[in-house]
Amino acid sequence: MKKIVALICGLSIIVACNKNGDKSQEKKSKLSGMKIAMVKENARGIINNTKSPHVKLKSIDIGDCQWTEGFWADKWKRAEETMIPYMGTLLKGDIGHGLNNFKIAAGLKEGEHQGWWWHDGDFYKWMEASIYIYAVNKDEKIVQEMDEIINIIGKAQQENGYLSTPIIIREDLEPFSNRKYHELYNSGHLLTSACIHHRVTGRTNFLDIAIKHADYLYDLFVPIKPELERFGFNQTQIMGLVELYRTVNDERYLELAEQFINLRGTYDIKDTTATVGYPIGDMVQERVPLRDETEAVGHAVLALYYYAGAADVYAETGEKALIDALNRLWDNVTNKKMYVTGAIGQTHYGRSSRLDKIEEGFIDEYMMPNMTAYNETCANICNSMFNYRMLTLTGDSKHGDIMELVLHNSALSGIGIGGKDYYYSNPLRKIEGALDYDKMNVEFPERQPYLECFCCPPNLVRTIAKSPAWAYSKTENGIAVNLYGGNRLKTTLMDGSTIALSQKSNYPWDGVVEIHIEESKSEPFEILLRIPAWAEGSKAKVNDEIFENIAAGNFFRYERSWKTGDIIYLNMPLEAKLIEGHPRIEEVRNQVAVKRGPVVYALESPDLPEGTDITSVYISNSEKLKPVHKPDVLGGVTTLETDLLIRKDHLTNMYNEVNRPKLETYSTQLIPYYTWSNRGQGEMTVFMPIIWD
Ligand SMILES: [Zn+2]
């Protein structure tokens, strides 16, 4: 079987063609002497779903779209120039110690493992981010550096394929003896990162390590031994295995991916030697089989990686029970457990509705604390990853809306404007002195230049780095626009014809988007534009043809014979709106948030008179919210200028008899939520009590 894999893998390289359909130019890596050839076009997506039978929207190839101007171009540039190099300095040095761990495991360096059990996985995420950057900027130094690192990783890998440095370094620990060692998390990111590296560079050195490791996993977990049945709980390996299956076409990897879904909920929930030391049951989504589950429970990152992996499996198998469960869970997350910022995971510590102890995750429906909201950056990103997959499976634009919501709010809030400091949790309110941060291990009063648990920062930078490849999808005969922002796309449609277009936009600060067709086939094909659910009253114009009041919450579809010079104009009204929660969210009763387009706004201390408590501020339903673009503020943002009301009396008792309070008007601004905590420490709130005229 393994020989066949190698043959298939080799075949995919031998027959690889470049963009012009020619045999690609093979070259040899100086370091390894391996043959390098471009992977076939339409097989280089973030998720390579071109041949997946149950997918409606297919990936564009990584590198086919590049941000050119505006919001995401700025963020991407910051990732290229600052975020990823800075993070590399941390991880390759003694602070992050990520590369050191591989060197020690490889016998190239003396020392002990440092960082959490899953630190290898976080290092692979940084590598993945670097490769996305290379896909656009083609800086060969990135590939050379990756070659050197991959060489070390290869030396660290054990002869049988095992690869997780904490266990390799510590001789007192056995592989897969306790699931708290998170070995499969490291596996998942290894497989994903290696597949992306292969797709972008054509190299096989990382992929070979991944295949050797996946073969080891297959032999270990198929057929399953009782002592191993509960290991697949931190489920990045499901996504990684499906991606490896798509890369080398070995069905064993898909079988193993599905195995990690099928095992859940099939055994007694009690501690064993393999589980002791980490919460069990709903915390790790093992109490109920996925296909029967009705509620999102447990650790939010584990849950959403699980759902994202299951979506990848469904893309290949088309099993109805799986997509039904995913739709049900999407509805539960989105409509009963998600914050207005797209963030998920309401609490650090709590219990599931079935009374299992949980950490960093979901609690009861509609229970949405603001100040103690956990909302791990990774969980929010996982929400967008799950929604990206659901978008491809269903073609339903509501999933694009959630991706956009997360990206513009609860993902970006995880990193500072300068790109060198991080938040792990993303609450919706901060009150000075209310929390004892000294007692907390991942919540901080301000962003930190390094986090000991380093899962979130590389997850976020790889997301920014790959965001252009999320911006478009291919339909059967056309292209769908998922995300807006200045960019240029040149890709091949599913029939092999070329399309080139450029998007001009100052989104999300401005709702006007222009799409210029630069090259296309002469036969008719469709272009789909995602009209967000908030964009009621949107208008479009295709050359001189006008479309008024396009339905919001849908893709606007237009099919015609396009030609070079055609222009699509889209105008989404960007009014600032007050948003209230469902009446069952007690924490926001009689309070409102402010949202303009996809951007959620916040009020922060620097915009209030000194000494003002954030909880003293009220907002009136009748005050104007005036957008003012400030290129020099917080990295370039549109703020909302408005008059707020500040209550002058201070309540100190637990309960107080009500007297009409004195309220003073104060002219100030609201800032985009993702930019909070870039102007020193202070207070912040997303929701404010409303005063009705
Ligand atoms: Zn994280």
For region 391-524, what's the radius of gyration and Dmax over Cα atoms, in angstrom?
-> 19.4, 65
If the viscosity is 1.567 mPa s and the temperature 4 °C, what translational diffusion coefficient in µm²/s does Stokes-Einstein give for region 596-639 when Rh comes from Kirkwood over Cα pairs?
-> 104 µm²/s
Region 260-286 scanned against label point 7 Å out from Arg351 along Cα→C-beta; backbone N under 16 Å for 280-283
Could you size up the charge dipole of region 559-693 around its Cα centre, putting +1 on the beta carbon of Lys and Arg and -1 on that of Asp and Glu, and report it in debye to the nearest 20?
-> 380 debye
Per-pair calculated FRET efficiency, R0 = 35 Å: Lys541 and Lys141 via Cβ, rounded to 0.05 | 0.20
Region 134-189: radius of gyration and largest Cα-Cα distance (Dmax), Å = 14.7, 44
What do you get for Rg/Rh over region 281-348 if you use C-alpha atoms and the Kirkwood form of Rh?
-> 0.96
Under 5 Å between amide H atoms, partner at least 5 residues away or on a different chain: which partners does Glu575 have, H built in plane at 1.01 Å?
-> Gly597
Taking the radius of gyration and the Kirkwood hydrodynamic radius from Cα positions alone, what is the Rg/Rh ratio for region 73-202, to two decimal places?
-> 0.98
Rounded to the nearest 0.05, what FRET efficiency do Thr498 and Asn151 have when you use their Cβ-Cβ distance and R0 = 41 Å?
-> 0.65
What is the set of long-range amide H partners of Ala533 at a cut-off below 5 Å, with H atoms built 1.01 Å from backbone N?
-> Gly553
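Step by step: find N for region 636-693, compute 2.2 N^0.38 Å, then divide the Cα radius of gyration by it. What's the final number? Let's see the in-between values first.
Details: Rg = 14.5 Å, N = 58, 2.2 N^0.38 = 10.3 Å.
Here the Cα radius of gyration is 1.41 times the empirical estimate.
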Cβ-placed point charges (K, R +1; D, E -1), dipole of the chain about Cα centre in debye, nearest 20 | 1340 debye
Alpha-carbon centroid distance for the pair region 160-209 / region 415-483, whole angstrom | 24 Å
For region 60-147, what is the relative contact order in percent, using Cα pairs closer than 8 Å and at least 6 residues apart in sequence?
-> 25 percent
How high is the relative contact order of the chain, in percent, counting Cα pairs under 8 Å that sit 6 or more residues apart?
-> 12 percent
Please work out the Kirkwood hydrodynamic radius for region 588-693, using every pair of different C-alpha atoms, and report it in angstroms with one decimal place.
-> 14.5 Å
Cα pair distances of region 39-132 binned at 10 Å [whole percent] | 14, 31, 28, 22, 5, 0
For region 395-403, what does the Karplus curve 6.51 cos²θ - 1.76 cosθ + 1.60, with θ = phi - 60°, yield as ³J(HN,Hα) per residue in whole Hz, taken in order and with x for Gly and Pro?
-> x, 8, 5, 4, 6, x, 4, 5, 3
Got a sec to turn the phi values of region 301-313 into Karplus ³J(HN,Hα) couplings, 6.51 cos²θ - 1.76 cosθ + 1.60 with θ = phi - 60°, whole Hz, x for Gly and Pro?
-> 5, 4, 5, 6, 5, 4, 5, 5, x, 5, 5, 5, 5
Where does region 418-494 land on Rg/Rh, using Cα atoms and the Kirkwood Rh?
-> 1.19
What are the ³J(HN,Hα) values, in whole Hz, obtained from phi via the Karplus relation 6.51 cos²θ - 1.76 cosθ + 1.60 with θ = phi - 60°, for each residue of region 639-651 in sequence order, with x given for Gly and Pro?
-> 8, 10, 8, 7, 9, 10, 10, 10, 7, 8, 8, 10, 8
For region 264-320, what number results from the quotient of the Cα radius of gyration and 2.2 N^0.38 Å?
-> 1.21
Hits in region 589-615: amide N under 19 Å from the 7 Å Cα→Cβ extension of Ile690, namely 589-603, 615
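Over the chain, what is the percentage of antiparallel beta bridges among all DSSP beta bridges, to the nearest 5? Don't skip to the end; give the middle numbers.
Values: 83 of 89 bridges.
The antiparallel fraction comes to roughly 95 percent.
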Hey, what D do you get for region 232-289 in µm²/s if you plug the Kirkwood alpha-carbon radius into Stokes-Einstein at 25 °C and 0.890 mPa s?
-> 198 µm²/s
The alpha-carbon pair-distance distribution computed for region 496-616, with 10 angstrom bins and whole-percent values, is 11, 32, 25, 16, 11, 5, 0
Among Val600, Leu570, Tyr558 - extreme Cα towards positive end, dipole of region 536-659, charges at beta-carbon = Tyr558
Inter-probe distance in nm under a simple model that places probes 7 Å from Cα toward Cβ, at Val222 and Arg557 = 3.7 nm
Please compute P(r) over all alpha-carbon pairs of the chain, binned at 10 Å starting from zero, and give each bin as a whole-number percent.
-> 3, 15, 26, 27, 18, 8, 2, 0, 0
Amide H to amide H under 5 Å from Gly395: which residues, 5+ apart in sequence or cross-chain, H placed 1.01 Å off N in plane?
-> Lys56, Leu57
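Values in this text are rule-based calculations from the coordinates and carry no lab data. Model, not experiment: these values are computed from the prediction. Positions of Cβ are backbone-derived with ideal geometry, glycine not excepted, and every protein chain shown enters the neighbour counts.
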